[in-house]
Amino acid sequence: MTPQPSHPQAGAAVKAADRAHVFHSWSAQELIDPLAIAGAEGSYFWDYDGKRYLDFTSGLVFANVGYQHPKVVAAIQEQAATLTTFAPAFAVEARSEAARLIARKTPGDLDKIFFTNGGAEAVENATRMARLHTGRPKVLSAYRSYHGATATAINLTGDPRRWPGDTASAGVVHFWAPYLYRSPFHAETEAQECERALTHLADTIAFEGPATIAAIILETIPGTAGIMIPPPGYLEGVRALCDEYGIVFVLDEVMAGFGRTGEWFAADHFGVVPDLMTFAKGVNSGYVPLGGVAISEAVAETFARRPYPGGLTYSGHPLACAAAVATINVMEEEGIVEQAARIGESVLGPALRELAARHPSVGEVRGTGVFWALELVRNKETREPLVPYNASGEANAPMAAFGAAARKHGLWPFINMNRTHVVPPCTITEAEAKEGLAALDEALSVADEHTV
Ligand SMILES: Cc1ncc(COP(=O)(O)O)c(C=O)c1O
């Protein structure tokens, strides 16, 4: 399917119904202007005026195999024709096979899969499992993080989306994780950052009381918060602290999992095995809502003879699971994880570094696979962000201008605060990547106008 000739009237009807009746996430409803989408294929989507955009966001970083992959679409159609839905208490082929394939890919002994409808529910359930497994109340998470929008998940989240729902009563304690570019520890090298971040975490554990802490949850590579690759030794150090104090180590791979970083899971880069791992998004490229928790033998044992007090009507929905089976098989058959690694190493990484060298607004480039962040700054020396933390309205104008310029050049950019993330589908070709990078180059020139 390529872009259809323009159908502005159809687009206007879609938009009108949306504006009249759809209540959108995270938005002041009267201040938004959602684009009406006519279709999508591979790395592109298009509107009803026939304008096509290269998607450097993969939706919300979920379409890892691109849009409308024919094999995944066919698998959903076949499952719909065979057994569209069935209750979670039964053994169903698509669910069994999805769990088997996921367990085969997850590291270590994470061999049991609890299915949810998305990432936040996965985080909620991982937290509940950890609390029941340890009999302890608190969970530690990083300030620079996003873990979802349900009650516990939003409290675990560090970014400002937490604030409106945070009554400081969720049993959550935040700490600083490594971020060398804006080091909370005044570190100048990765080794210093690692050592000081681990000391800070050990101190936090000591002062909170180790016997009160059920879990530490970390995004293996934080996503929305800025794609900060942890320094060598950090995750191993967190694992050791968890082992020392009997704390459950939860890695949140909702965004980083299923190929995005150039490995099946970001944890594979570090050789670290958590006790629980949350996933969603890339597990089936978001074709049907699905998430879950991969559970270690020790945690699973807690619930071997004692009921697990949690469940969802659509846990392991057959359509979602069939999409996961097809996605994982397609990723294997077509070498999509390897493709993500290759495009990151040979195209995106070098080109983004070259853009950083030329544009005064790019303070730092970091990433791996198809998971990259460009930190935009007013000044490379001072590293002052291009817009203040959590800016809105006029204060956010430079980032808004950057975004508008990218879209004008046919690129749909991912923007969070003073950063743009380059997070296209894992299937993006070299030619498509270069097309997007050329548009990014143009948009960065607009950001450059706001540097001092
Ligand atoms: C790391 C991480 N965890 C959890 C979530 C929440 O997932 P969902 O929006 O599917 O509830 C997200 C969503 O972006 C995420 O990036």
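Nothing in this text is a laboratory measurement; each read-out follows from the coordinates by a stated rule. Just so we're clear, the structure is a prediction, and the values are computed from it rather than from any experiment. Positions of Cβ are generated from backbone atoms using ideal geometry, with glycine treated the same way; all protein chains shown enter the neighbour counts.
Using every pair of separate Cα atoms, the Kirkwood estimate puts the hydrodynamic radius of the chain at 22.7 angstrom.
Estimated at 0.36 nm per residue, the fully extended path between Arg383 and Ala74 surpasses their Cα-Cα distance by 106.4 nm. Exposure proxy for Asp159, Asp252: other Cβ atoms within 10 Å of each Cβ, ordered fewest to most, give Asp159, Asp252. Pairs with C-alpha atoms separated by more than 19 Å, drawn from the list Lys138/Lys281; Lys105/Lys281; Lys15/Lys281, are Lys138/Lys281; Lys15/Lys281. Taking amide H as placed 1.01 Å from N in the peptide plane, the amide H of Val172 sits under 5 Å from that of Val139, each at least 5 places away or on another chain. Compute the relative contact order of the range 243-351 as a whole-number percentage, counting only Cα pairs closer than 8 Å that sit 6 or more residues apart in sequence. Computed over the range 243-351, the figure is 28 percent. Near the amide H of Val422, within less than 5 Å, lie the amide hydrogens of Trp372, Ala373, Leu374, all on another chain or at least 5 residues away, with H placed in the peptide plane. As a test of the formula, what do you get for the chain when each DSSP H run with n ≥ 4 contributes -39,500 (n - 2.57) and the sum is divided by the residue count, at 222 nm and rounded to the nearest 500 deg cm²/dmol? Here the helix-only value at 222 nm equals -11500 deg cm²/dmol.
In vacuum, with every alpha carbon of the range 161-287 counted as one equal point scatterer, what does the Debye formula give for log10 I(q)/I(0) at q = 0.10, 0.12, 0.13, 0.18 Å⁻¹? Two decimals, please. Log-scaled intensity ratios, in q order: -0.33, -0.48, -0.57, -1.08. Sites counted here are chymotrypsin sites (Phe, Trp or Tyr not before Pro) in a DSSP loop (not H, G, I, E or B) having no more than 12 other Cβ atoms within 10 Å; the longest part of the chain that contains none of them is 91-388. Its Cα centre serving as origin, the chain has a Cβ charge dipole (Lys and Arg +1, Asp and Glu -1) of approximately 820 debye. Working note: Karplus 6.51/-1.76/1.60 with θ = phi - 60° gives the range 383-389 the couplings 6, 4, x, 4, 9, x, 3 Hz, where Gly and Pro are set to x.
Counting every other Cβ atom within 10 Å of each residue's Cβ, Lys434, Lys281 order from fewest to most as Lys434, Lys281. Couplings 3J(HN,Hα) of the range 175-189, computed from phi: 9, 8, 9, x, 6, 4, 4, 10, 4, x, 10, 6, 7, 10, 10 Hz, in residue order, whole Hz [Karplus 6.51 cos²θ - 1.76 cosθ + 1.60, θ = phi - 60°; x for Gly and Pro]. Could you let me know the centre-to-centre spacing of the range 255-315 and the range 226-253, using Cα atoms, in angstrom? Value for the Cα centre distance between the two parts: 16 Å. Expressed in Å, the radius of gyration and Dmax of the Cα atoms of the range 70-333 are 18.2, 59. The 3J(HN,Hα) values that the Karplus relation (6.51, -1.76, 1.60; θ = phi - 60°) gives for the range 195-201 are, in residue order, 4, 6, 5, 6, 5, 4, 5 Hz. Gly and Pro appear as x.
Each Lys or Arg adds one and each Asp or Glu takes one away; over the other residues whose Cβ falls under 9 Å from the Cβ of Gly410, this sums to +3.
About its Cα centre, the range 236-355 has a charge dipole of approximately 440 debye under the convention of +1 per Lys or Arg Cβ and -1 per Asp or Glu Cβ, with nothing else charged. DSSP assigns beta bridges within the chain; of those with both partners inside it, close to 65 percent run antiparallel.
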